[in-house]
Amino acid sequence: MATVSFKNVCKNFGDQEVVKNLNLEIEDQEFIVLVGPSGCGKSTSLRMLAGLEEITSGDILIGDTKVNDMEPKDRDIAMVFQNYALYPHMNVYDNMAFGLKLRKHSASEIERQVNEAATILGIEHLLERKPKELSGGQRQRVAIGRAIVREPKVFLMDEPLSNLDAKLRVQMRAELAKLHQKLKTTCIYVTHDQTEAMTMGDRIVVMKDGVVQQVASPSELYNSPNNIFVAGFIGSPAMNFIDCKVKQHNGQTYLVNEDGFSYLIDNQLADYNDKEVVFGIRPEDISYDTTDTPKENCQQVRVDVVENLGAETLLYVSFGEQSVVCRFMGAPKHSVGNNINIALNPNRYYIFDKETGNSLLK
Amino acid sequence: MAKDKLTTRKIVTRVLILTALTIAMVWALLPIVWMVLSSLKTEAGMFSMPPKFIFKPTFSTYAFMFDEGNFGQFLNNSLIAAGSSTVVALLLGTFGGYALARGNYRGKKHIAFWIISTRMTPIAAAIVPLYLIFANFHLIGSTFGLVVAYTTFNLPFALWMMMTFFAELPPDMEHAAMVDGATKFQAFYRIALPQVAPGLVATGILCLMFAWNDFAFASVFTGHDTQTIPVAASLLVSQTGIAWGQAMATGTVIILPMVIAGLAVRKYLVRGLSMGAVK
């Protein structure tokens, strides 16, 4: 077990800067998730930590040891790859024992460790099989087994669940979280799926174009995103964004636009009077029950699409050119073409600078 | 009705395909069968009309070739020249191919193309310069010279083939091995190499065939003692006539090792030659 630090780490491929000045302190026993769209530098960061990718500049430390020029084999890490990367010519037992054999453990010791790891993952009955005789989920377990059997200082996981079908992914997500609670090994997990990030991470690192956008706990990311990118990336369906202007009227501040949008905010935004901003509201913060909401925060809309998900309903509505997604609990109460009044929660909104995209609420 | 029609059509298609395959098979195999059968007949029996397919075989021609002539030595020369060149080409080609597939340096593609371009030289164009070089190093007439000549053609081929096989292998498995505790070399020979084994075998067979079947190099670079079988076979056609019995027996001996090798590794051969074709 160990801490991991990235200090001013940069990575260039030719002229292209893939990771720009990454600074990150990962605590011992922490489960940290790097998340972002493809090409954001999250996998590259992980591979630099593993030693599979050279660092252009900066330092990476595992514990107190600088590992910049250390071979992968000497870093005492284990990694799970997206395509599992099992050794196809070896059976499951040999796949799991490979690292231990290279480290010259005794045969009896290897057998004990492999069996122990296999028991934890419920794959004891598969030890004699070759990878091609396994299902996707079983391969995934073997790949994880190969990682945990060595009891490394740090686990690295590079999109380990993306090749599984949706149902299995949800199941393995929970199992991985359970496994981490049991083993308490520092874990760095890369994914492009914000749901995985939100459900598994103690902390989440949101990256975009090689730059860290925000490092925070899941609830902090959800409730106070630093900028419009994080706000739009975390949460499903994504946050609604409405371009508008700040207007002072009778001593109160409104956000308005030409589509007839108008929303009263309790924040003065004095510097922004008459300037363009982006208003954000999450689908779950919109309600069709307008009784408790001031009429300044309600909006007349037309229903375009109704999606009934059983426990909840997604309503795609519009006014003028603007489309908005709303998420309600329960069965749909409206049908396509209806004109309804929706209440935008007066206390749970976000405002971003139109130019920089940074949050104006802090 | 529609169903019946479909079945008839299927049967016709099947019959046509089988007929075509039979013709192709007879076309390919008849000369070989003819040669093998002839080698087991007496000279008189060889030309009897109509040809006999059932007869009492005689091994007298073979016995004569191995006992009276130098045939055993020619066979030995062929095996040594072709075998050594194949081993050298595979060994260096595997390392070189891996380096070209996995290495990350400038001009990689150009180097790879330059290497394979040397294989594109017609043998006739290479023989004269090679002859001059070999003459300087006193390699004319030696089996070693022949091995060098074969390797100049087999090595670029083997290297290129192995490079393609390694390049098709996802590097993640070697990365996983390195994270697991393997050195780069261990990741190469314990993880990557076993997976391209079919390709290695296929490449080996092709190198072996090139050297084994070669006549041009062997006829120029070998002396009396270092002749290979194809050269020896050519000498059976002389001004005074053709030694038909020996020619047939020599032909049989030439193709036999390749047929056996091909059959022994045909599982790998199919997989190796179709590597990359199936994606």
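The values are calculated or read from the model by the stated rules, or taken from the named source; none is laboratory data. The model shown is predicted, which means the values in this text are computed figures rather than measured ones. Cβ coordinates were reconstructed from backbone atoms using ideal geometry, including for glycine residues, and neighbour counts include every protein chain displayed. The accessibility values were calculated without ligands, DNA or RNA, using every heavy atom of the protein model including side chains. Shrake-Rupley method; radii C 1.70, N 1.55, O 1.52, S 1.80 Å.
A Förster radius of 25 Å, combined with the Cβ-Cβ distance separating A:R302 from A:L168, puts the computed FRET efficiency at roughly 0.05. Return, ordered by residue number, the residues of segment B:214-254 whose backbone nitrogen is under 18 Å from a label point located 7 Å along Cα→Cβ of B:A135. Flagged as within label range: B:217-224.
Semi-axis lengths, largest first, of the ellipsoid equivalent to chain A are 47, 25, 15 Å, with √(5λ) applied to each eigenvalue of the Cα gyration tensor. For segment B:1-56, trypsin sites (Lys or Arg not before Pro) are listed when DSSP marks them as loop and at most 13 other Cβ atoms sit within 10 Å of their Cβ; the list is B:K52. Projecting label points 7 angstrom from Cα along Cα→Cβ for A:V256 and B:L79 puts them 10.0 nm apart.
Averaging Cα coordinates gives a centre for segment B:87-110 and one for segment B:189-214; these two points are 15 Å apart. Taking A:H192, A:H125, A:H180 as the candidate residues, the one with maximal mean-square fluctuation in a Gaussian network model of chain A, Cα springs under 10 Å, is A:H125.
For segment A:66-82, list residues with backbone N below 20 Å from a point placed 7 Å from the Cα of A:T199 toward its Cβ? Output list for this probe position: A:80-82. The calculated FRET efficiency for B:L21 paired with B:A216, based on their beta-carbon distance and R0 = 35 Å, is about 0.55.
Where does the protein assembly as shown land on Rg/Rh, using Cα atoms and the Kirkwood Rh? Taking Rg over the Kirkwood Rh, I get 1.16.
Checking every one of the trypsin sites (Lys or Arg not before Pro) in segment A:108-196 against DSSP loop status and a limit of 16 other Cβ atoms within 10 Å picks out A:R129, A:K184.
Result for chain A in a Gaussian network model with C-alpha springs under 10 Å: among A:L86, A:L309, A:L168, the largest mean-square fluctuation is at A:L309. Over the Cα atoms of segment B:2-58, each weighted equally, I'd like the Debye log10 I(q)/I(0) at q = 0.15 Å⁻¹, rounded to two decimals. After summing over all Cα pairs, the log10 values are -0.60. Association of chains B and A removes close to 1700 square angstrom of accessible area from solvent, both sides included, for a probe radius of 1.4 Å.
Computed across segment B:16-153, the Kirkwood radius stands at 20.1 Å (inverse of mean 1/r, all Cα pairs). What the Cα convex hull of segment A:240-353 gives, in volume per residue, is 96 Å³. DSSP finds beta bridges in the protein assembly as shown, and of those with both partners inside it, around 75 percent are antiparallel.
Site-free segments of chain B were taken between chymotrypsin sites (Phe, Trp or Tyr not before Pro) in DSSP loops having at most 13 other Cβ atoms within 10 Å, sites themselves excluded; the longest one is B:138-279.
Antiparallel as a % of all DSSP beta bridges within segment A:4-233, to the nearest 5?
Values: 19 of 37 bridges.
Of all bridge pairs located within segment A:4-233, approximately 50 percent are antiparallel.
Of B:K108/B:K184; A:K7/A:K104; A:K247/A:K354; A:K66/B:K184; A:K73/A:K184, which ones are farther than 25 Å apart at the Cα?
Long pairs (Cα-Cα over 25 Å): A:K7/A:K104.
Counting only Cα atoms, the size of segment B:134-274 along its three principal axes is 71, 39, 18 Å, in decreasing order.
Using Cα springs under 10 Å in a Gaussian network model of chain B, which residue among B:T121, B:T164, B:T86 shows the largest mean-square fluctuation? Result for chain B, Cα springs under 10 Å: B:T121 fluctuates most. Taking Cα centroids, how far is segment A:191-222 from segment B:128-162 in Å? Centre-to-centre distance over Cα atoms comes out at 61 Å. Once the Cα-Cα distance is subtracted from the 0.36 nm per residue extended length, the A:D15 to A:N115 segment shows a gain of 31.2 nm. At full extension, A:L183 and A:E124 could sit 19.4 nm farther apart than now, given 0.36 nm per residue minus the alpha carbon distance. Viscosity 1.306 mPa s, temperature 10 °C: Stokes-Einstein D of segment A:51-199 from its Kirkwood Cα radius, in µm² per second? Result for D is 98 µm²/s. In this calculation the C-beta distance from A:A331 to A:E27 is compared with R0 = 56 Å, giving a FRET efficiency of 0.80. For segment B:53-129, trypsin sites (Lys or Arg not before Pro) meeting the loop criterion (DSSP other than H, G, I, E, B) and having at most 11 other Cβ atoms within 10 Å: B:R106. If you take the Cα centroid of segment A:275-342 and the Cα centroid of segment A:7-29, the two points sit 41 Å apart.
Under 17 Å of direct C-alpha separation, and excluding same-chain neighbours fewer than eight residues apart, B:K56 reaches these lysines: B:K41. Dividing the summed -39500 (n - 2.57) terms of all DSSP H runs of n ≥ 4 by the residue count of chain B sets its mean residue ellipticity at 222 nm at -23500 deg cm²/dmol. Once the convex hull of all Cα atoms in chain B is built, its volume per residue stands at 227 Å³. Averaged over the residues of A:179-190, the number of partner chain Cβ atoms lying within 10 Å of the residue Cβ comes to 0. With each label modelled as a point 7 angstrom along the Cα→C-beta vector, the A:A311-B:F55 pair spans 8.7 nm. Residues of segment B:227-241 with the amide nitrogen closer than 18 Å to a label point 7 Å from the Cα of B:E43, along Cα-to-Cβ, please. Output list for this probe position: B:233-241.
Could you give the longest part of chain A that holds none of the GluC sites (Glu not before Pro) found in DSSP loops with at most 15 neighbouring Cβ atoms within 10 Å?
The longest uninterrupted stretch comes out as A:129-257.
Taking all Cα pairs closer than 8 Å and separated by 6 or more residues, the relative contact order of chain A comes to 15 percent.
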